[in-house]
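> The structure is given below, and queries will be raised subsequently.
Derivation of every value follows stated rules applied to the coordinates shown; laboratory data play no part. Not measured: the values here are computed from a predicted model. Here Cβ is always computed from backbone atoms with ideal geometry, including for glycine, and neighbour counts include all displayed protein chains.
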Amino acid sequence: QVHLVESGGGLVQPGGSLRLSCVASGFTFSSTAMSWYRQPPGKEREFVAWIGPRGTFRQYGESVKGRFTIARDNAMNTVTLQMNSLQLEDTAVYYCMENSSNHWGQGTQVTVSS
């Protein structure tokens, strides 16, 4: 049974940083691409970042390029999202997803506010 647990969200001022983590279980993590998505208040869920099974390849949404970094630790079954230079528009619930069968975590709230 696939289980994804996100953590690391919180309240941060504009220009600040946060690091989200997602711990995975129930599938072969090291063979599975992983993604981060987010859902801003009142908006559709949107793509944030993707990482291949070995961590060699990464992709980012246009709005986070150069500010966010996705990484993974296959020994710890963990995917992370380092978020720097946070902006008000980054406020959202952030979700991790495993790309094999598209299971989602429960999400973690990130609020950027002064």
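> Please go through the stretch 60-84 and give me each residue that is basic (Lys, Arg) and surrounded by 17 or more Cβ atoms within 10 Å (Cβ to Cβ), ordered by number.
ARG72
> A follow-up question, please. Report every pair of residues separated by at least 6 positions or lying on different chains whose Cβ atoms are under 6 Å apart, first residue within the stretch 71-87 and within 16 Å of PHE27 (Cβ to Cβ), second of a type in the set (Lys, Arg) and assigned to a strand (DSSP E or B).
Once the first residue is within 16 Å of PHE27 (Cβ to Cβ) and sits in the stretch 71-87, its partners that are of a type in the set (Lys, Arg) and assigned to a strand (DSSP E or B) give VAL79/ARG72.
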